[in-house]
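Contents: one structure, followed by commentary.
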Amino acid sequence: MRAYNVAILVVSDSVSQGKSVDQTAALLQAELAITPAAPSDTTLTFVETRCVPDDIHVIQRVVKEWTDPDAIPPVQLILTTGGTGLSARDVTPEAIEPLLDRTCLGFTVAMLTHSLSITPMATLSRPVCGVRHQSLIITLPGKPKAAVENFQVVRPSLSHALDLIQGLSSRELHRQLENTKLTAVNPPKEHRCTAHRHHHRTPSTQTSGGATGAQIPSAIETPVAFRPRESPFPLVTVPQAEAIIRDHLKILPIETVPVGPALIGRTLAQDIVAPVPVPAYRASIVDGYALLAICGPGVYPVTPYPSLAGTLLQELPMLPVEHIMRISTGAPVPPGADAVVMVEDTELIEVAADNREEQSVAVHARCQSGENIREIGSDIAQGQVVLGVGDSISVSGAELGTLMSLGITQVQVYRLPVVGVFSTGSELSSAESTPSVLPAGKIRDSNRPSLIGILQQHGFPVVDLGIVDDSTDAVSEFLRRHTESQGIDVLVSSGGVSMGEKDVLKSVIQHGIGARIHFGRVNMRPGKPTVFATLGTDPAAVDYKLLFALPGNPVSAIVTCYLYVLPSLRRMARQAAPDNPRLQAKLQQSLTLDARPEFHRGIVMAHTPSAASPPLDNGYTSTMGRPTVASEVHFPAPLVVWSATRHQRSSRLMSFRHSNCLLVLPAHEADRSTLEAGETVEVVLLDTLWNTHTT
């Protein structure tokens, strides 16, 4: 096994000055981990990232250091990002070209050809590729998506190129390449195994043109005897998976919708400018009497024409001198009045002849001009921008009420992604239409209704696509039909992504519909076999689709839906806070750590300790069936308390019962296998906090 070191050089004035954050380097690191070396028996190991300004001499200094024959560690592949455009500060090509011993025009042409197939603006790019000493240097664009796409174009040839640069025999390398091709299409024959126990090497296959990340055999052609015994997908971390998804989200169009309760949860795609002032007239803030403030306390006759809710300003007469007018909250202040005295500061002196109306009233308080009056535009001025692009219409009702008060009947918002949800599994029966007793070997489909409920509860339109049998033909036909549908933006499935002989979904995604798998395993528990893929190359195109293939274990499906699907949908809908809220929890009980980072189901409660507070119980449920407190989360006030639910198997839905959070537990290390009571952990909040004093 030959190992080559890779270093990434980020060229950016703004990033080097701390004015912006680079995302490209992390995505390239993920690509290095995801894509296996082929066809040579090599590995690429990331060793370092540096960030420098757009300065020729600074760029050259770092590259010379990395390509020095005595460099420790030696760097065989250098990827630069940024500075390859036409602006005056784009100097990466000018920095790299003088350092090269030989240019590699093939890499340059391949990247430009691919980029031009996506956008004509690629004509403005100036990539440079070549060799210095025994190091290959490739300059990539600065934009994350373009950098990753260009790297994926040259990735299949890198191992062979690096071998040649290091001086390996080209004849021997070509012979190995031919043997690899033959092995890929010719599985072993005439080998009969009866009693011996050795393991057969699984034949490799060529990677589908639409795939990335791993060579996965086609379920259509691979006999079960030659199926992979290990997943071909490298493990990516949870942050890497999140970054990959963020970089491949669909861009949704803007639509015009009516203003009403259905607008809650939507994100505005336009500024809202007040067409009228609010209030549009001088309105009373209290129930009382309109008067002229200069008159002061005294006894005044009451006009026979009150200003009540619904009274029009044009209907009110001029307030006579040294008179007062009865007025209700929100009613227009009559001409001639400049203040309103509260009814509590008055006293009835005389009743009118009808024994119903007030004849005269004593005013005991002195008012200032403008007192208890909402002036025109004092709430919202005409022409004021009251809501802006990117503002969400929240459940508080304030934004919706503002729009209604201004008489705005329709607004432009970003369209919500439409999600199609289905389950895979020949063993599944629809819970809605199955008999009360199922034959052994059949189970009710709980994942699909659970996922649909979660997505709908968070405001996203969902299409129930039902259940698909675990057969290559059925899954292929199903995916082709629904990926061609223009009514669905995101497909979410559960099941069919593990290592079983009927787990054909990943193979069909890659070979059957030509989608690109960005990752197929995540270093987490539960949810390790989670798959994310995209179909299409233009995120703004109608036919561009996202595919989340979630594990079949019920808890795994729910956890990965919360961690990956929901934040992605919120980002596509341009919601201001797409990620689940996170808190810091102080454990009140010890927890054993797993080999993988774990998302532990639990309960978070608001709790303010006091002398009257009941003692905390270490049990699971109280006599009233509610979870009791097992640990604390520290805030200035109030405290927040969580309890871990029992039996955390990924197949056991009851471990999610009452849960409103996931505790983010690190993987165990040689010197750390447990978290002790009193330690602090991160908590992902999934639902509202409970209160320990609620009865």
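The values are calculated or read from the model by the stated rules, or taken from the named source; none is laboratory data. Since we're looking at a predicted model, the values are computed, not measured. Cβ placement follows ideal geometry from the backbone for every residue including glycine, while neighbour counts extend to all protein chains displayed.
Quick notes
- Selection within region 311-322 - assigned to a loop (DSSP other than H, G, I, E, B) and either touching a helix residue (DSSP H, G or I) at 6+ places or on another chain (Cβ under 8 Å) or without any contact (Cβ under 8 Å) to a residue 24 or more places away in the chain (or both): THR311, LEU312, LEU316, PRO317, MET318, PRO320, GLU322
- Close pairs (8 angstrom Cβ cut-off, 6 or more residues apart or separate chains): touching a residue at least 24 places away in the same chain (Cβ under 8 Å) in region 19-30, of a type in the set (Ser, Thr, Tyr) anywhere: ASP22/SER12; ASP22/THR81; THR24/THR81; ALA25/THR49; ALA25/THR81; LEU28/THR81; GLN29/THR49
- Members of region 24-40 that are part of a loop (DSSP other than H, G, I, E, B) and either aliphatic (A, V, I, L, M) or at pLDDT 85 or above (or both): ALA37, ALA38
- Residue match in region 400-407 (condition: in the same structural domain as ALA549 (by TED's automatic domain parsing) and surrounded by fewer than 18 Cβ atoms within 10 Å (Cβ to Cβ)): no
- Members of region 129-159 that are over 12 Å from LEU79 (Cβ atoms) and over 29 Å from the mean Cα position of the chain (by Cα): GLY130, VAL131, ARG132, HIS133, GLN134, PRO156, SER157, SER159
- Among residues of region 408-419, those that are surrounded by 17 or more Cβ atoms within 10 Å (Cβ to Cβ) and in contact with a Ser or Thr (Cβ under 8 Å, 6 or more places away or on another chain), counted: 3
- A search for C-beta distances below 7 Å between a residue of region 581-607 that is over 15 Å from GLU682 (Cα atoms) and any residue that is modelled with pLDDT of 90 or more and of a type in the set (S, T, N, Q), counting only pairs 6+ apart in sequence or on different chains, returns THR592/SER673; THR592/THR674; ARG596/ASN523.
- All positions within region 514-527 that are farther than 17 Å from GLU149 by Cα and surrounded by fewer than 21 Cβ atoms within 10 Å (Cβ to Cβ): ASN523, ARG525
- Of all residues in region 145-182, those satisfying the criterion of being at pLDDT below 85 and not hydrophobic (A, V, I, L, M, F, W, C) are GLY167, SER169, SER170, ARG171, GLU172, HIS174, ARG175, GLN176, GLU178, ASN179, THR180, LYS181.
- Residue check for GLN29: out of contact with any Lys or Arg (no Cβ under 7 Å at 6 or more places or on another chain), polar (S, T, N, Q) and under 17 Å from CYS129 (Cα atoms): no
- Filtering THR560, THR534 for residues that are part of a helix (DSSP H, G or I) and not aromatic (Phe, Trp, Tyr) leaves a single hit, THR560.
- The criterion of being part of a helix (DSSP H, G or I) and in contact with a Ser or Thr (Cβ under 9 Å, 6 or more places away or on another chain) holds for LEU451.
- Residue satisfying all of: in region 642-695; in a strand (DSSP E or B), of a type in the set (Ser, Thr, Tyr) and surrounded by fewer than 20 Cβ atoms within 10 Å (Cβ to Cβ); modelled with the lowest pLDDT among these: THR680
- In region 347-364, residue farthest from LEU291 (Cα to Cα) [restricted to those that are assigned to a strand (DSSP E or B) and of a type in the set (S, T, N, Q)]: GLN359
- Count of region 51-69 residues, restricted to those that are buried (at least 18 other Cβ atoms within 10 Å of the Cβ) and either assigned to a helix (DSSP H, G or I) or outside the structural domain of SER135 (by TED's automatic domain parsing) (or both), is 5.
- Any hit, region 540-550, residues being modelled with pLDDT under 90 and either part of a helix (DSSP H, G or I) or farther than 30 Å from VAL504 by Cβ (or both): yes
- Flag if GLY370 is among the small types (Gly, Ala, Ser), surrounded by 13 or more Cβ atoms within 10 Å (Cβ to Cβ), in the same structural domain as SER556 (by TED's automatic domain parsing) and on the phi > 0 side of the Ramachandran plot: no
- Tally, over region 75-102, of residues that are in contact with a strand residue (DSSP E or B) (Cβ under 6 Å, 6 or more places away or on another chain), loosely packed, with under 15 Cβ neighbours inside 10 Å and among the hydroxyl-bearing types (Ser, Thr, Tyr): 0
- Exactly one residue out of ALA262, ALA243, ALA290 is in the same structural domain as THR409 (by TED's automatic domain parsing) and either among the aliphatic types (A, V, I, L, M) or not in a loop (DSSP other than H, G, I, E, B) (or both), and it is ALA262.
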